[in-house]
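The values are calculated or read from the model by the stated rules, or taken from the named source; none is laboratory data. Keep in mind it's a predicted model, so treat the numbers as computed, not measured. Positions of Cβ are generated from backbone atoms using ideal geometry, with glycine treated the same way; all protein chains shown enter the neighbour counts.
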Amino acid sequence: MRAAVFLAWALVAGTSGVPSPSPTPACPSGPFTRESDVLVVVHDAGESLGLQPPVEALLAAGYVVQALVLGEPATSLYCGSGLGTRGLQVLTLPQLGVDVEVLDGNTSRHQLLAPGQVASVVAQLAPRVLVTGMVYSMQAQIARGFRSDEAVYRVGFDDGFALWSNATLTAREFVEPLTSVEEVFVTAESIAEGIQALSTGAVVTTVTGSPTLNSWRSVAANQSQLEATRSSIYSQFPSLDSSLPLLVFAGGYGGSDYTASLEVFCNATVRLLHDLAFVFAPHPGYPSDFEASLFDTWGCGTDGNLVVLDNGDGSGSACGANDAWCTTADLVCASNGSLSEASTVGGQSLSVGRPHTYVSHFSDVFTEADLILNSPSVDSLVETLNITFRSQGFYVSPTEFKSAGVPLHASARVVARILQVISFSSVGGGGGMMMG
């Protein structure tokens with residue numbers, strides 16, 4: 001029988017063909033103040049996790065920071081981050097008097113507030129710098145709500161590595177024809193060039209890289225913890241052969257392309273029964289019931305070389321003894337490589353020397369630089385994992401990362417630019433509204 005971890009409250013996927021979000025945990029938060037130095041507005045997992053390292057650094061430096069979390073998985077990721085105990089003000093729309101249920105991104109990314117609701121949010125918040133994710137129409141709408149307030153500098157945070165396209169929601173609602181921000185933080189040089197061309201220079205771009213890479217590299221540097229994580233996985237799931245290389249599939253949101261990638265992955269694990277061991281890690285904020293039911297239907301994992309982990313509090317997977325929680329970074333860094341349909345885990349994995357492949361035709365700055373291969377079929381995936389990865393010794397030099405135009409040390413770059421803006425906006429060039 002397939003080895004898997006399921007908690008009693010895990011939501012069962014419905015008939016929509018997509019995973020269901022995890023429930024919201026209790027949420028520690030710093031005391032509310034109308035004025036702040038920085039307000040981040042987050043919805044999906046990538047931007048939520050990407051902004052946490054800069055937020056942590058700003059809090060440590062004494063700045064007042066707020067996070068407006070728009071539904072899941074942002075709420076679980078920020079409430080479970082511990083940042084609220086360090087002063088971060090974690091805010092929801094209902095707390096601001098806006099009684100609306102934010103739709104999950106799988107349902108729609110185009111949900112909007114009523115004009116009066118936007119005005120209510122804006123009236124209660126007075127940040128110097130607003131940093132918003134760029135995957136959700138409501139985020140663009142809220143950013144535009146601050147447009148008339150010249151004291152607020154609006155920055156978009158594009159956390160992905162996908163090639164820039166003028167046809168996306170990110171382009172249309174944040175850059176042109178709707179311009180919702182003055183500046184965009186991007187992960188790579190080619191993305192900045194795309195924004196500059198679309199906006200004809202009207203929107204400033206800053207190439208920061210991805211702050212999540214800082215977190216991943218810190219995890220990878222803790223060798224004793226990696227060994228403990230790997231050991232706990234094998235001890236909890238004895239069906240996995242510890243003599244085989246271990247690979248992690250990083251789960252996604254859902255949709256037909258995602259389901260197709262899961263089926264390719266499933267069939268490849270059967271072909272590679274005696275060659276490789278596999279762990280499926282669900283997308284942060286989602287349980288794995290959806291994927292587990294598909295794997296059962298397709299008949300993979302029954303021979304023991306695939307285990308399916310489950311999210312508990314929305315921020316990690318049960319991966320070790322005593323229900324220890326592991327983030328995707330913990331799992332990938334403790335493994336020999338990773339794969340996904342089209343996840344930012346691809347670039348994150350490369351940054352710590354672990355090879356990655358997309359089980360799809362997805363293109364990004366790393367496929368363009370020939371650092372990540374596409375493996376959309378069972379045959380191509382088997383070849384990539386068992387021949388190409390093996391020939392590389394399951395290793396990619398992190399120094400090759402630069403060829404994709406993605407700088408490292410992104411958290412420092414993001415924080416430095418935010419503080420520069422705060423300094424410019426302060427009377428007399430001060431350092432922002434410091435906490436006493």
> Hey, among 254, 285, 304, which residue is outside the structural domain of residue 73 (by TED's automatic domain parsing), in contact with a Gly (Cβ under 6 Å, 6 or more places away or on another chain), modelled with pLDDT under 90 and more than 17 Å from residue 378 (Cβ to Cβ)?
Replying inline: 285
>> Cβ contacts < 7 Å: first residue surrounded by fewer than 24 Cβ atoms within 10 Å (Cβ to Cβ), restricted to the range 40-51; second residue modelled with pLDDT under 95, any location; separation 6+ or different chain. Result?
In response: none
>> If I ask for residues that are surrounded by 17 or more Cβ atoms within 10 Å (Cβ to Cβ) and of a type in the set (Asp, Glu), which ones from the range 98-142 would you list?
In response: 104
>> For the range 354-376, give me each residue that is over 19 Å from the mean Cα position of the chain (by Cα), of a type outside the set (S, T, N, Q) and either outside the structural domain of residue 331 (by TED's automatic domain parsing) or part of a loop (DSSP other than H, G, I, E, B) (or both).
In response: 361, 369, 370, 371, 376
> For residue 178, which of the numbered conditions (1) out of contact with any Ser or Thr (no Cβ under 8 Å at 6 or more places or on another chain); (2) closer than 22 Å to residue 347 by Cα fails to hold?
Replying inline: (2)
> Within the set of pairs 6+ apart or on separate chains, which have a first residue in the range 139-163 that is under 21 Å from residue 344 (Cα atoms), a second that is among the small types (Gly, Ala, Ser) and buried (at least 23 other Cβ atoms within 10 Å of the Cβ), and C-beta atoms under 6 Å apart?
Replying inline: 139/133; 157/133; 159/46; 159/50; 161/347
>> Every residue in the range 53-69 that is within 21 Å of residue 283 (Cβ to Cβ) and surrounded by fewer than 24 Cβ atoms within 10 Å (Cβ to Cβ), please.
In response: 53
> Of the residues that make up the range 362-384, is at least one aromatic (Phe, Trp, Tyr) and modelled with pLDDT of 95 or more?
Replying inline: yes
>> Anything in the range 199-230 that is in contact (Cβ under 8 Å) with a residue 12 or more places away in the chain, of a type in the set (Ser, Thr, Tyr), over 15 Å from residue 354 (Cβ atoms) and outside any strand (DSSP E or B)? List them, or say none.
In response: 199, 208, 210
> For the range 237-263, how many residues meet the condition of being surrounded by fewer than 20 Cβ atoms within 10 Å (Cβ to Cβ), part of a helix (DSSP H, G or I) and not small (Gly, Ala, Ser)?
Replying inline: 3
> Inside the range 271-297, can you point out the residues that are of a type in the set (Asp, Glu) and part of a helix (DSSP H, G or I)?
Replying inline: 289, 291, 296
>> Being aliphatic (A, V, I, L, M), at pLDDT 95 or above and either farther than 21 Å from residue 291 by Cα or in contact with a Phe, Trp or Tyr (Cβ under 7 Å, 6 or more places away or on another chain) (or both) is the requirement here; does residue 408 meet it?
In response: no
>> Just the residues that are in a helix (DSSP H, G or I) and surrounded by fewer than 19 Cβ atoms within 10 Å (Cβ to Cβ), please, taken from the range 166-193.
In response: 169, 172, 189, 193
> Out of 375, 360, 380, which single residue is small (Gly, Ala, Ser), closer than 20 Å to residue 280 by Cα and without any contact (Cβ under 8 Å) to a residue 12 or more places away in the chain?
Replying inline: 380
